[in-house]
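A.B. asks: This structure is in structure tokens; I'll ask about it shortly.
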Amino acid sequence: MKQQVLLDHDGAVDDFLATMLLMTMEHIEPLGVIVTPADCYIQPAVSATRKILDLMGKSHIPVAESTIRGINAFPNLYRRDSFVIDNFPILNQRDNYSTPLLRESGQDFMIRVLQEASTPVTLLITGPLTNLAYALDKAPEIESKIQRLIWMGGALNVPGNVEKNWEPGQDGSAEWNAYWDALAVARVWQSSLEIIMCSLDITNNVPVNPEFVQKLGKQRQYDISDLAGQCYALVIPQDYYAWDVLATSYLGHPPAFQLRSWETEIIATGKSQGRTKVVSGGRQIWAMDTVDKDWFYPYILQQWRR
Ligand SMILES: [Ca+2]
């Protein structure tokens, strides 16, 4: 039986790439894609998600737009990429696309999917945890339907990426997905869910450099490689890492990763809001500690060769 996965992403370049990776996994049954209005503008992010599912022959998978809100907006400079990708020529070869956009909100869709699930579902969240916090508050019974949470977020023993000179008053310890809505992270930490973090501690080890993008170029006769290469080319001037893609790749081959247990607490307010702090006696979580990079890069090149 296939492993059921519900994806909740927040519409950045990396989230589209994570979606493109998840959809290649034969042993996974994606139950839907929720788009959170965080690192994007929501209309183009939803639209691009649907076009990607169409391109990959996955138009039976529903997309739901979340209407939850965060506290600290992502920089516009990041969010505008959603417009660029939605207009990529490769995603606009047809006038219509058939992947459905649900009428219900993303957060209510999350609740319904979990309530209706016959076996526990893996949640893969590559953005903030706001939908999940909402769902746990509104329908506490869903907690037992979640097999585990795989989350790209947090920074345990490395600096955050909410930079002090961009976000006045902050101390630089928070990671952006946590910072968007630190209260939601704190809520999820109150649950007894199994949490597997893909934090900046490990993603700092998987940069996306021009050599890798050029390898995608060499296999651009495959549509998904072409699209992935375009996505990465868009962000190559930034210091870019395979954040959400690494989190997603865990589902592809867990033995390539070593997990490590930590005790942590969430700083929900003040100058460290969004910090995922290692504290003895705190809430136990798992963090991806190491990944076999000789597996990771060839794996995503291979998966996108289609
Ligand atoms: Ca993301």
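The values are calculated or read from the model by the stated rules, or taken from the named source; none is laboratory data. All values derive from a computational prediction rather than experimental measurement. Backbone-built Cβ (ideal geometry, glycine too); neighbour counts: all protein chains shown.
A.B. asks: Could you tell me how many of the residues in the stretch 117-134 are surrounded by fewer than 24 Cβ atoms within 10 Å (Cβ to Cβ) and assigned to a strand (DSSP E or B)? Full working, then the answer.
C.D. replies: Here is the first cut: in the stretch 117-134, the residues surrounded by fewer than 24 Cβ atoms within 10 Å (Cβ to Cβ) are 117-122, 133-134.
Next, from what is left, pick out any that are assigned to a strand (DSSP E or B): 121-122.
Final tally of qualifying residues: 2.
A.B. asks: Within the stretch 41-82, take every residue that is surrounded by fewer than 20 Cβ atoms within 10 Å (Cβ to Cβ) and of a type in the set (Phe, Trp, Tyr) and give me the one that is modelled with the highest pLDDT.
C.D. replies: Taking the candidates together, the pick is Tyr41.
A.B. asks: Taking the stretch 207-244 as the search range and keeping residues that are touching a Lys or Arg at 6+ places or on another chain (Cβ under 7 Å) and not charged (D, E, K, R), which one is nearest to Gly153 (Cα to Cα)? Quick ask: steps written out before the conclusion?
C.D. replies: In the first step, residues of the stretch 207-244 are kept if they are touching a Lys or Arg at 6+ places or on another chain (Cβ under 7 Å); the result is 219, 222, 224-226, 229.
Of the ones still in play, those that are also not charged (D, E, K, R) are 219, 222, 224-225, 229.
Values: Gln219: 31, Tyr222: 31, Ile224: 26, Ser225: 26, Gly229: 24 Å.
Among those that are touching a Lys or Arg at 6+ places or on another chain (Cβ under 7 Å) and not charged (D, E, K, R), it is Gly229.
A.B. asks: From the set of residues in the stretch 1-18 that are away from the ligand (no atom under 13 Å from the Cβ) and under 17 Å from Leu114 (Cα atoms), which is nearest to the chain's Cα centre (by Cα)? Steps first, please.
C.D. replies: The initial filter retains those residues of the stretch 1-18 that are away from the ligand (no atom under 13 Å from the Cβ), namely 1-6.
Those left that are additionally under 17 Å from Leu114 (Cα atoms): 2-6.
Numbers: Lys2: 21, Gln3: 18, Gln4: 16, Val5: 13, Leu6: 11 Å.
Checked the stretch 1-18; the qualifying residue nearest to the chain's Cα centre (by Cα) is Leu6.
A.B. asks: Can you find even one residue in the stretch 217-233 that is modelled with pLDDT of 95 or more, under 30 Å from Tyr134 (Cβ atoms) and within 20 Å of the chain's Cα centre (by Cα)?
C.D. replies: Taking the stretch 217-233 as the starting set, the residues that turn out to be modelled with pLDDT of 95 or more are 217-233.
Keeping just the survivors that are under 30 Å from Tyr134 (Cβ atoms) gives 231.
Within this subset, residues satisfying the condition of being within 20 Å of the chain's Cα centre (by Cα) are 231.
Yes, the stretch 217-233 contains at least one residue that is modelled with pLDDT of 95 or more, under 30 Å from Tyr134 (Cβ atoms) and within 20 Å of the chain's Cα centre (by Cα).
A.B. asks: Quick one: in the stretch 162-176, which of the residues that are farther than 13 Å from Ala73 by Cβ, surrounded by 16 or more Cβ atoms within 10 Å (Cβ to Cβ) and touching a residue at least 24 places away in the same chain (Cβ under 8 Å) is nearest to the ligand (Cβ to nearest atom)? Break it down into steps so the answer makes sense when it comes.
C.D. replies: Taking the stretch 162-176 and keeping what is farther than 13 Å from Ala73 by Cβ, we get 163-165, 168-175.
Subset that is surrounded by 16 or more Cβ atoms within 10 Å (Cβ to Cβ): 170-175.
Then keep just the ones that are touching a residue at least 24 places away in the same chain (Cβ under 8 Å); that gives 170-171, 173-175.
On the way: Gln170: 19, Asp171: 22, Ser173: 19, Ala174: 15, Glu175: 11 Å.
Per the stated criteria, the residue is Glu175.
A.B. asks: Any chance you could count how many residues in the stretch 99-109 are within 19 Å of Lys51 (Cβ to Cβ) and either outside any loop (DSSP other than H, G, I, E, B) or modelled with pLDDT under 95 (or both)?
C.D. replies: If we filter the stretch 99-109 for residues that are within 19 Å of Lys51 (Cβ to Cβ), which is where we start, we get 99-102, 106.
Imposing the further condition that a residue be either outside any loop (DSSP other than H, G, I, E, B) or modelled with pLDDT under 95 (or both) reduces the set to 101, 106.
Here the count works out to 2.
A.B. asks: Suppose the filter is away from the ligand (no atom under 16 Å from the Cβ) and part of a helix (DSSP H, G or I); does Trp262 pass it?
C.D. replies: Details: away from the ligand (no atom under 16 Å from the Cβ): yes; part of a helix (DSSP H, G or I): no.
It is false that Trp262 is away from the ligand (no atom under 16 Å from the Cβ) and part of a helix (DSSP H, G or I).
A.B. asks: So if I check each of Gly32, Gly57, which one is of a type outside the set (A, V, I, L, M, F, W, C), at positive phi and either in contact with a His (Cβ under 8 Å, 6 or more places away or on another chain) or in a loop (DSSP other than H, G, I, E, B) (or both)?
C.D. replies: After ruling out the rest, the residue left standing is Gly57.
A.B. asks: Another one. In this structure, does Leu21 turn out to be without any contact (Cβ under 8 Å) to a residue 12 or more places away in the chain and within 16 Å of the ligand (Cβ to nearest atom)?
C.D. replies: On the way: without any contact (Cβ under 8 Å) to a residue 12 or more places away in the chain: no; within 16 Å of the ligand (Cβ to nearest atom): yes.
It is false that Leu21 is without any contact (Cβ under 8 Å) to a residue 12 or more places away in the chain and within 16 Å of the ligand (Cβ to nearest atom).
A.B. asks: Do we have any residue at all in the stretch 26-43 that's within 9 Å of the ligand (Cβ to nearest atom), among the polar types (S, T, N, Q) and in contact (Cβ under 8 Å) with a residue 60 or more places away in the chain? Before the answer, list the steps.
C.D. replies: Let us first name the residues in the stretch 26-43 that are within 9 Å of the ligand (Cβ to nearest atom), namely 36, 38-40.
Next, from what is left, pick out any that are among the polar types (S, T, N, Q): 36.
Now restrict to residues that are in contact (Cβ under 8 Å) with a residue 60 or more places away in the chain: 36.
Within the stretch 26-43, one or more residues are within 9 Å of the ligand (Cβ to nearest atom), among the polar types (S, T, N, Q) and in contact (Cβ under 8 Å) with a residue 60 or more places away in the chain.
One line per residue, one yes/no per condition, for (1) within 18 Å of Asp15 (Cα to Cα); (2) away from the ligand (no atom under 16 Å from the Cβ); (3) of a type outside the set (A, V, I, L, M); (4) without any contact (Cβ under 8 Å) to a residue 40 or more places away in the chain:
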{"site": "Leu129", "(1), (2), (3), (4)": "yes, no, no, no"}
{"site": "Ile142", "(1), (2), (3), (4)": "no, yes, no, yes"}
{"site": "Leu156", "(1), (2), (3), (4)": "no, yes, no, no"}
{"site": "Val185", "(1), (2), (3), (4)": "no, no, no, no"}
{"site": "Glu194", "(1), (2), (3), (4)": "no, yes, yes, no"}
{"site": "Met197", "(1), (2), (3), (4)": "yes, no, no, no"}
{"site": "Lys215", "(1), (2), (3), (4)": "no, yes, yes, no"}
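A.B. asks: Scan the stretch 100-110 and tell me whether some residue there is within 16 Å of the ligand (Cβ to nearest atom) and in contact with an Asp or Glu (Cβ under 7 Å, 6 or more places away or on another chain). Reasoning before the result, please.
C.D. replies: Initially, the stretch 100-110 is screened for residues within 16 Å of the ligand (Cβ to nearest atom), giving 106.
Okay, now just the ones that are also in contact with an Asp or Glu (Cβ under 7 Å, 6 or more places away or on another chain), so 106.
Taking every residue of the stretch 100-110 in turn, at least one turns out to be within 16 Å of the ligand (Cβ to nearest atom) and in contact with an Asp or Glu (Cβ under 7 Å, 6 or more places away or on another chain).
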